[in-house]
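The values are calculated or read from the model by the stated rules, or taken from the named source; none is laboratory data. All of these numbers come straight from a predicted model, not from anything done at the bench. When we count neighbours, we look across all protein chains shown, and the Cβ atoms used for this are built from the backbone with ideal geometry, even at glycine. Note: accessible area is taken over every heavy atom of the protein model, side chains too, but ligands, DNA and RNA are not part of it. Shrake-Rupley method; radii C 1.70, N 1.55, O 1.52, S 1.80 Å.
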Amino acid sequence: LHKEYRRQRQMCIRDSLREYNEGTDPSNPEDKPVEPAQTVDVPYTSGLVGHYFSGRNFESFGFSRLDESPTKDWGGGAPGENVPADRFSVRWYSLLVPAFDTGQRTYEFRVSRDDGARLFVGDDLVVDEWTGYSTSTFSGQKDLIAGEVYPVVVEFTEGYGGASITVPVSYTHLTLPT
């Protein structure tokens, strides 16, 4: 069951990248990328695919774009065309490959947000702070194994006023027994 869930999450991210690359609307089940006659690898995309919505809970799709990172400070402005400055939400998709060759390390994920955010890594909800109306920082940890590919989903919601999010990531160094 665990492997099947991970496969489905990776397929979701792959499909999200295809939707971005082909310019289709991920919130409209009728507007899907054309299925190729043969299996096609989705090209590697550096960064995160962001789907931007009007409404605090992904109510109305506005646009998609490739963002270098989920670190954003919109101030009191809108994130882009078709999405208002207040009451919007964003869902970013990416894949994470641990930055080491062997073993397992504990990664710490921190999210500073104004207003709400959630962070999923692999099968786990690592940070869940969906409510709030001021800038606050929250963190969570997850053990990652070298060579594994982990789907990452970052969700953000904005109520009123300033809007910002940062997502720094760090990992502990391997300590060998003496």
Every listed condition ((1) crowded, with 18+ Cβ neighbours inside 10 Å; (2) at pLDDT below 85) holds for Val42 save (1)
Here the residues within the range 146-178 that are more than 18 Å from Leu119 (Cα to Cα) and either at pLDDT below 85 or touching a Lys or Arg at 6+ places or on another chain (Cβ under 6 Å) (or both) are Thr172, His173, Leu174, Thr175, Leu176, Pro177, Thr178
Filtering the range 59-85 down to residues that are in contact (Cβ under 8 Å) with a residue 60 or more places away in the chain, in a loop (DSSP other than H, G, I, E, B) and within 17 Å of the chain's Cα centre (by Cα) yields Ser69, Pro70, Thr71, Pro79
Those residues of the range 108-145 which are modelled with pLDDT of 90 or more, among the β-branched types (Val, Ile, Thr) and open to solvent by 10 Å² or more (accessible area, probe 1.4 Å) amount to Val126, Ile145
Counting only residues in the range 86-98 that are part of a loop (DSSP other than H, G, I, E, B) and open to solvent by 30 Å² or more (accessible area, probe 1.4 Å), the one farthest from Arg56 (Cα to Cα) is identified as Val97
Listed by first then second residue, the pairs whose first member lies in the range 89-105 and is hydrophobic (A, V, I, L, M, F, W, C), whose partner is open to solvent by 40 Å² or more (accessible area, probe 1.4 Å) and part of a loop (DSSP other than H, G, I, E, B), with beta carbons under 8 Å and at least 6 positions apart or on separate chains, are Leu95/Val149; Leu96/Val149; Val97/Gly147; Val97/Glu148; Val97/Val149; Phe100/Leu174
If we keep only residues of the range 68-85 that are of a type in the set (A, V, I, L, M, F, W, C) and in contact with a Ser or Thr (Cβ under 9 Å, 6 or more places away or on another chain), then the residue surrounded by the most Cβ atoms within 10 Å (Cβ to Cβ) is Val83
